[in-house]
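Down below is the structure, laid out as structure tokens.
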Amino acid sequence: MRPILFLLSLGITVFLIWVLNIPLELNGARIPKMGMFLSPQHGFWQNAEPADVNYNARLQFNELEGNAQVYIDDRLVPHVFAEKERDLYFIQGYLHAKFRLWQMEVQTHAAAGRLSEVLGKGADGSLLNFDRQMRRLGMVYAAEKSVKEIENNPQTKMTCDAYTAGINAYIRNMRESELPVEYKLLNYKPEPWSNFKTALFLKYMSYDLAGAENDFEMTNAKAVFSQEQFEQAYPVFPDSLDPIVPKGSSFAEPGTVLLIPAIADSVYFNWKNGIQIVQQKPAEDNGSNSWVVGGTRTKSGKPILCNDPHLGLNLPSLWFEMQLSCSGFNAYGASFPGGPNIIIGFNDSCAWGFTNAMRDVRDYYEIQFRDDSMQEYWFDSSWHKAELRVEEYKIAGGEIFRDTVAYTVFGPVMYDKRFSGAGKTDGKYYAVRWKAHDPSNDLLIFNKLNHAKNYSDYEDAIQYLSCPGQNCTFASVGGDIAIWQQADFPAKWHRQGDFVMPGTDSSFMWQGLIPQKENPHHVNPDRGFVSSANQLPVDKAYPYYIGGYHDVYRGIIINRYLAQITDVTIEDMQHMQNDNFNVLAETALPLMMKYVDRTGIDGGGEKYLNLLSAWNLRNDAGETGPTLFNLWFEKLKTAIWQDELDQINGVHRMPEDYTTIEALLKDSAFSFIDNVNTPEAETIVDIMTTSFNQMIAEAGTLEASGDLTWGRFKNTGIEHLLKLSPLSSLNLNNVGGGKHVINATKKNHGQSWKMIVELTDEK
């Protein structure tokens, strides 16, 4: 009997050891090796830190050239002081790795198209599709070029070499118990860092800030709409535009003279083919607010610079606050885990910030291959050889997937007969021309801004920003204020790149770059402030085509406030950054209330009309007005546009909010009001009343569940990058804000960092 019990016990023990040391799957979800994950010595228990953790330690590294100290304050912000500049970047890399290693690696895995390597194919192959899209976009190709430029410059090579060494020093000395919990959940370990990974991260930010490209959507709309309809639905300039460079400003004659192709009308503007492409895109609202008030308008007599980037609200945060100080410079602000330097911040002499330019610097060309082997393509009346690049995907679990990508004179063929981003393809080939593919050393702008002493240094620094395009705000202790919209912007003729272009003719290629001095800018203006909120930078007088997607209403309210106030203080700027006034509602709601037929609204609707009438036009968390307005306006847009949009075969986009309201303000008989699917001709009263009645039912349901207030309806949350609720901070129902208001906080997107710097003489 005893041998049997012994064997049974041994068998159970061996089975448990085996089960606890293999990764499992449950309903498609991967489960870590439970033995390691639950181990008291090495598992997730070791990731819990006491609230009063003591970071005091004396560390020695052979890589350090001098003495250095790190002080971590009560907000866990590291302040790094070093004798040698190189040591600053080593320590910055070490600290980024200590606190954000998994985040850094998962972001570069995403950029390199390697998420399926860790997470598997995903539901219906979604992660593998994302990986294929990133590689076909040329992220690795772009980073390979960028790292060469970085390492060709002695300053950025030193910076990146030291930063990389610091990360690897942490990885090398890290105990298994210190692995971030995400590694333990996913059952893998970090790789060594490299300068190439830093370049990958910078390209990922270029991608994340390039949501202003809608070539396929616009091409599909053009295939259905007449030119008049298209210009009504997607105008270039909004009537209400308050640009970065004030209206009426004059511009020099363009230094780059553009030639519109002779065949543009026949093969570009009149092209009527739909495109079956579905892209995974970054959030199109990735933008920011930034403004600088000059000393003539502040109480202290010194400039005040404000910046709040609007990006995904994630855990861990995209930003890492810190100070870098040595004999050469002393900078403080927000850094990117994954790259050296302070990105947004200030030093002893000046401050700088950024907002997204929202420019379209990514265009698509239809390629004509000789055959499906994609070895040769037709270009300028002859066949040219394509470079074929085989991409290998090592999918979690051991499967290998290979994908062949053809590279042309424009760039990689992102979409072809084997990949369209969706389940079907139109059998055509589309190459992507992206400014981020070109060799550049964008890291140099941040290094130079960290060292900057004055306006001249700022002007020198920004020339190194190639992609993504940004509005670079600046203020100095000396009193200078400025804003430049900066990048290597392609010089485009009107509507170039809004639609897919022919890839068989070089006349459709970019004809050069806008000279840097001709980029929109505003320096020490008489009005005493500069500002950007992702609106168009200029009016129609500017000689180059801008393109892209731009907000309107945040710029209007920011400029309104700044023009009204004097003796400005930091407290004034804090109130502005948190302001919830809704300019879209201020513009649209009177018109909506004017045309709704009160005799035709459904039961209970009068109550909601009264609530809207009493609303203070602020998107505060406890208000019901913003919820009712948002529901009504969304249904109104659908009533106006959706019947026409449904005729489009393929991806498309709803016209902008300003387009909708400005069209109705100009013409109450706007042609898109009529529903093409009904025999009768709808009027503005019809659609306003119908959309209001549709809102009533939804509002009633929300009210019954206690979710009619704006904070509960918007339901802001900060989600962990793994999309796991226990690691996230969700249901933050006391948060106001929203789209088109200065406080741009939406459901999971908004003000990811807020900074206000007053440039006083105090150190």
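Over the residues of the chain, the helix contribution to mean residue ellipticity at 222 nm works out to -10500 deg cm²/dmol, using -39500 (n - 2.57) for each DSSP H run of at least 4. Peptides 613-619, 582-588, 360-366, 535-541 ranked from most to least packed, by the mean per-residue count of other Cβ atoms within 10 Å: 360-366, 582-588, 535-541, 613-619. For the range 648-763, taking Cα atoms only, Rg and Dmax work out to 20.8, 72 Å respectively. A 1.4 Å probe run over the protein chains yields, for the range 621-762, 42 Å² of accessible area per residue, whole-number rounding.
Please give the residues of the range 733-757, grouped as numeric ranges, whose backbone N is less than 18 Å from a label point set 7 Å along the Cα-to-Cβ vector of Ile570. Counting backbone N atoms under 18 Å from the label point, the list is 753-757.
Over the range 528-599, accessible surface divided per residue gives 35 Å², non-protein components excluded, 1.4 Å probe. Match the structure shown to one of the listed values [x] 29.4, 100; [y] 26.3, 86; [z] 27.7, 100 of Rg and Dmax of the Cα atoms in Å, computed from it, and give that label. Among [x] 29.4, 100; [y] 26.3, 86; [z] 27.7, 100, the one derived from this structure is [z]. A Förster radius of 45 Å, combined with the Cβ-Cβ distance separating Asn715 from Glu376, puts the computed FRET efficiency at roughly 0.25. Using a probe radius of 1.4 angstrom, the carbon and sulfur fraction of the accessible surface of the chain is 52%.
Under a 1.4 Å probe, what is the accessible area of the range 412-503 per residue, stated in Å²?
24
Oblate is the label for the range 100-152, because a/c, from the alpha-carbon gyration tensor with a ≥ b ≥ c as root eigenvalues, is 1.5 or above and a/b does not exceed b/c.
Listed by chain and number, the lysines whose alpha-carbon sits under 28 Å from that of Lys448, ignoring those within fewer than 8 places in the same chain, are Lys84, Lys98, Lys145, Lys148, Lys157, Lys197, Lys203, Lys302, Lys435, Lys517, Lys754, Lys763.
Restricting the calculation to Cα atoms, the range 567-620 shows an Rg/Rh of 1.19 when the hydrodynamic-style radius is the Kirkwood one. Annotation: Val676 carries an accessible surface of approximately 80 Å², with a 1.4 Å probe and no ligand, DNA or RNA atoms counted. List the residues of the range 166-199 whose backbone N lies under 16 Å from a point placed 7 Å from the Cα of Leu727 along the Cα-to-Cβ direction. Only 178-191 pass the distance filter. Computed over the chain, relative contact order equals 16 percent, with contacts defined as Cα pairs under 8 Å that lie 6+ residues apart. Each peptide in 716-726, 463-473, 327-337 gets a packing score, the mean of other Cβ atoms within 10 Å over its residues, and the list from highest to lowest is 463-473, 327-337, 716-726. Just the number, please: Stokes-Einstein D of the range 487-584 in µm²/s, Kirkwood Rh from C-alpha pairs, 37 °C, 0.692 mPa s. Value of D from the Cα-based Kirkwood radius: 199 µm²/s.
When a/c reaches 1.5 or more, the comparison of a/b and b/c decides; with that in mind, is the range 542-602 rounded, prolate or oblate per its Cα gyration tensor? It is oblate, given that a/c is not under 1.5 and a/b is not larger than b/c. In this calculation the C-beta distance from Met654 to Glu65 is compared with R0 = 45 Å, giving a FRET efficiency of 0.20.
The values are calculated or read from the model by the stated rules, or taken from the named source; none is laboratory data. From a predicted model like this one, the values you see are computed outputs, not experimental measurements. Quick reminder, even Gly has a Cβ in these numbers, built from the backbone with ideal geometry, and neighbours come from all protein chains shown. Just the protein is used for accessible areas: all its heavy atoms, side chains included, with ligands, DNA and RNA removed. Shrake-Rupley method; radii C 1.70, N 1.55, O 1.52, S 1.80 Å.
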